[in-house]
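What follows is a single structure, and I will ask about it in a moment.
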Amino acid sequence: MSVIAVLLIILFLLMYLVGRDRGVRSFFTVCFNFLIFFIMVILIANKLNPLIVTIVICIVISSITLFYINGLNKKTISSLISVTIVVLFTTLITYKMGIGAKIQGFGKEQYDSISSLSLYIKLNFSTIVICEILIGLLGAVIDVSISISSSMNELYNTNSSITKKSLFDSGMNIGKDILGTMTNTLFFAYISGFMALIIYFSSLHYSIADILNNKVFCAEVFQILCSGVGIILIIPVTALITSRILCNDK
């Protein structure tokens, strides 16, 4: 049995022991999302518009993650609408900046790795960078959104006479508490991905100026900053939409 299979079994058992039925659903959700992500890569490789494919896949993954685990209810509907709005808005913000920053493609440190590969794949890497940002951002945005909408739903169930403004303010306060920890989570998730690259730069005696102006390094920092923008945006959007949907019962 391979190491990956053993780790999958351990993951499944732990999710079942801790989460029971919901843990099992979470495990299968991860499997479904991996399959959908693989389909997305195939579609992009077959020359379909990367941005459109990525946005559609983000909505599909969000729907599966929210509805399969938490069911179809007002808090998951609010969260899905919020995630969709933030994904679209983040795309608009980062697209022009990503092209202007010229962070697409490969750096000179990667020449040896790609020298034996064909470079005529006919894909726009400026767009691929934006797709990477959206996929990297998606998990954190869903997490923040459902945390806020679920908490606001509990507040509304406890006090159904609460006003839209009070419920919105409560959602914003919840989001502020989540913001710092989630930003750190995203930062360390990205920074750990290119820790080996920093060691490589250090071994080559790169100066700080060389590192800061390196294409590979700048691409990673650009993704961190854009993902941070998405996490900030999801807080007021979720608070606003959830307060409107919940209080419309009145």
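Can you give the FRET efficiency for Leu17 and Ala196, using 1/(1 + (r/R0)^6), R0 = 41 Å, r = Cβ-Cβ distance, to the nearest 0.05? Spell out each step's value before the answer.
On the way: r = 34 Å, r/R0 = 0.82.
Between Leu17 and Ala196 the formula returns 0.75.
Once the Cα atoms of helix 74-101 and of the chain are each reduced to a long axis, what angle between those two axes, in degrees from 0 to 90 to the nearest 10, is obtained?
The two axes meet at around 30 degrees.
Mind telling me which of Ile232, Ile55, Ile211 comes out most flexible in a GNM of the chain, alpha-carbon contacts under 10 Å?
Judging by the Gaussian network model, the answer is Ile211.
Under a GNM of the chain (C-alpha, springs under 10 Å), which listed residue has the highest mean-square fluctuation: Gly171, Gly230, Gly71?
Looking only at Gly171, Gly230, Gly71, the biggest GNM fluctuation is shown by Gly71.
To continue, here is another question. Quick check: at a probe of 1.4 Å, how many percent of the accessible area of the chain sits on carbon and sulfur atoms?
Values: 9830 of 14140 Å².
Of all accessible area on the chain, carbon and sulfur atoms account for 70 percent.
Hey, another quick one. With 23 Å as the limit, write out which pairs from Lys176/Lys215; Lys74/Lys165; Lys74/Lys96; Lys96/Lys165; Lys47/Lys215 have Cα-Cα distances beyond it, or answer none.
Numbers: Lys176/Lys215 33 Å; Lys74/Lys165 18 Å; Lys74/Lys96 34 Å; Lys96/Lys165 35 Å; Lys47/Lys215 25 Å.
From Lys176/Lys215; Lys74/Lys165; Lys74/Lys96; Lys96/Lys165; Lys47/Lys215, over 23 Å: Lys176/Lys215; Lys74/Lys96; Lys96/Lys165; Lys47/Lys215.
Give me the dipole magnitude in Debye, nearest 20, for the chain about the Cα centre, with unit charges on the beta carbon: positive for Lys and Arg, negative for Asp and Glu. Mind showing how you got there, number by number?
Values: 16 positive and 11 negative charges, 127 e Å.
It works out to roughly 620 debye.
Let me ask another. Arrange the peptides 61-70, 14-23 so that the one whose residues have, on average, the most other Cβ atoms within 10 Å appears first.
Working: 61-70: 18.9, 14-23: 12.6.
The most tightly packed comes first, giving 61-70, 14-23.
Which stretch or stretches of the range 231-250 have amide N atoms under 16 Å from the point lying 7 Å from Met172's Cα along the Cα→Cβ direction?
Hits in the range 231-250 for Met172 at 16 Å: 232-244.
Could you tell me how many cubic angstrom of Cα convex hull volume the range 143-250 has per residue?
On the way: hull volume 9.8 nm³, N = 108.
Dividing the Cα hull volume of the range 143-250 by its residues yields 91 Å³.
Next up: What whole-number value in Å² describes the accessible area per residue of the chain for a 1.4 Å probe? Intermediate values should be presented prior to the final figure.
On the way: 14140 Å² over 250 residues.
That works out to 57 Å² for each residue.
The values are calculated or read from the model by the stated rules, or taken from the named source; none is laboratory data. Computed from a predicted structure; not experimentally measured. Don't worry about glycine lacking a Cβ; one is built from the backbone with ideal geometry, like all the others, and counts go over all protein chains shown. We work out accessible area using only protein heavy atoms, side chains counted, and drop any ligands, DNA or RNA first. Shrake-Rupley method; radii C 1.70, N 1.55, O 1.52, S 1.80 Å.
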